[in-house]
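Where a number appears in this text, it was derived from the coordinates with a stated rule and is not lab data. Treat the numbers as computed from the prediction; the structure is a model and nothing was measured. Here the Cβ positions follow ideal geometry from the backbone for every residue, glycine too, while neighbour counts run over all protein chains shown.
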Amino acid sequence: MAVIRSIIRGIGAHLPARIMTNDDLAEFVETTNDWIVERTGIHQRHIAEDGETTADLGVAAARQAMIRAGIDPIDIDLIICATATPDRTFPATAVRIQSMLGITKGAAFDIQAVCSGFVYALVCADNFLKAGQSRRALVIGSETFSRILDWEDRSTCVLFGDGAGAVVLEAQPQLGDRNDRGIIASRLRSDGRFEDLLYVDGGPSSTKTVGHLRMNGREVFRHAIQKISGIIEETLLASGYAADEIDLFIPHQANKRILDGIAKKLDVPPERIIITLDKHGNTSAASIPLALNHAFEQHKLTEGKLVLLEAMGGGFTWGALLVRW
Ligand code: UT7
């Protein structure tokens, strides 16, 4: 039976030009390159210049995704931007991006699920497309986490970086069988009981300030492997595929040790995992599209490949998606 599926037509990414290495960090916070590499796998991160905003990074990524998809801005009728670092409290960064791209039709809004934001945004766009409400969506993950870091807190400031990634999603009829392209299955979860393990200590309604990121890294780490493995298993079960059928595993890039732990639990061989956090640290909602972009540029995302995306972030929120390229 014919079904509508959301196909990823194009991918783009953008990183700010300025690079901050671990050694650069060690000049102003008590840390070492060895500690950061050994405990996280991160070697460097990109930092936005003053005045270079989340929308600027998102627009650059979106433009590249549209060019690679061969789609004009005029053909886009939905923009979802996943971000926890918006340019302004309101309007939504997605609406700003819409205007910067010269798009005046369709709808644009932000999604706030922190590091799971891109997975949440993709699932949301997929549902708009499948419902027939939109035909072509820009799904963007863009962050300037450097603005919310406490640069004196070595337990968090070494982990995060700025960047953006985007995909063009298009509704296309498929046969409704195992060979279908596009988003095949997805699962989203959240549990607010864990709010105080990873949060920002400010906000318009509570403190009238922007605030800084706070994290109990050890506890987040403990939950991450268990929750991510669980949601992957649920997503695979819903799809009818087994873990050993996954061609490429594109995880949220938080910590190399978390990725190794999940891979071990699911028995995924290392060569099937895309790891980019060494180059840009944890970029929150931007990390999955940045990793997707890397895989695309390495010619690993060829037609027919079965790709698994997963993320977990503050809230907690977490989710996974299975996509046939
Ligand atoms: O994207 C959202 C999801 N976020 C995550 O998934 C992050 C999850 N957590 C982690 O990745 C890890 O827990 C961290 C990388 C944040 C920390 O690694 P850890 O192995 O859990 O270290 P720890 O927090 O247990 O700290 C070990 C030691 C401590 O010293 P003592 O108490 O043993 O003397 C810390 O003070 O390492 C110390 N430490 C550092 N030392 C040098 C903490 N940060 C640093 C640092 N440089 N930057």
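So the values come out like this:
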quantity: Assigned charges on the beta-carbon of Lys, Arg, Asp, Glu; the chain dipole about Cα centre (debye); calculated: 860 debye
quantity: Beta bridge orientation in region 3-174: antiparallel %, DSSP, nearest 5; calculated: 70 percent
quantity: Options ILE246, LEU197, VAL210, ranked by Cα towards positive dipole end of the chain, top entry (Cβ charges); calculated: ILE246
quantity: The chain, relative contact order in percent, only Cα pairs under 8 angstrom and at least six apart counted; calculated: 26 percent
quantity: Stretchable slack from ARG178 to GLU49, in nm (0.36 nm times residue separation minus alpha-carbon distance); calculated: 41.8 nm
quantity: For region 182-324, size of Cβ-based charge dipole, Lys and Arg +1, Asp and Glu -1, in debye; calculated: 320 debye
quantity: DSSP beta bridge pairing in the chain, given as percent antiparallel to the nearest 5; calculated: 75 percent
quantity: Within region 200-266, trypsin sites (Lys or Arg not before Pro) in DSSP loop having at most 13 other beta-carbon neighbours inside 10 Å; calculated: LYS208
quantity: Lysine pairs meeting the criterion (Cα under 17 Å, 8 or more apart or interchain), as found in region 182-324; calculated: 6
quantity: Extended-chain gain in nm, criterion 0.36 nm per residue less alpha-carbon gap, MET100 and ASP267; calculated: 55.7 nm
quantity: Counting DSSP beta bridges with both ends in region 182-324, the antiparallel % (nearest 5); calculated: 80 percent
quantity: Region 52-71 and region 255-300: distance between their alpha carbon centers, rounded to Å; calculated: 21 Å
quantity: Förster radius 22 Å - calculated FRET efficiency between ARG257 and ASN216 (Cβ-Cβ, nearest 0.05); calculated: 0.85
quantity: Helical segments meeting 27 Å axial Cα length and Kyte-Doolittle -0.5 threshold in the chain (DSSP H); calculated: 217-239
quantity: Mean residue ellipticity (222 nm) of the chain, computed from DSSP H runs ≥ 4 via -39,500 (n - 2.57), nearest 500; calculated: -9500 deg cm²/dmol
quantity: Along the chain, longest interval not containing exposed GluC sites (Glu not before Pro), exposed being DSSP loop plus at most 14 other Cβ atoms within 10 Å; calculated: 153-302
quantity: In region 1-97, the trypsin sites (Lys or Arg not before Pro) that fall in loop regions by DSSP, at most 12 other Cβ within 10 Å; calculated: ARG88
quantity: Mean separation of Cα contacts under 8 Å, 6 or more apart, over the residue count of region 3-174: relative contact order %; calculated: 36 percent
quantity: Within straight-line cross-link reach of LYS130, aspartates and glutamates at Cα separation under 19 Å, skipping those fewer than 8 residues along the same chain; calculated: ASP75, ASP77, GLU170, ASP177, ASP180
quantity: Quotient of Cα Rg and 2.2 N^0.38 Å for region 182-324, N being how many residues it contains; calculated: 1.09
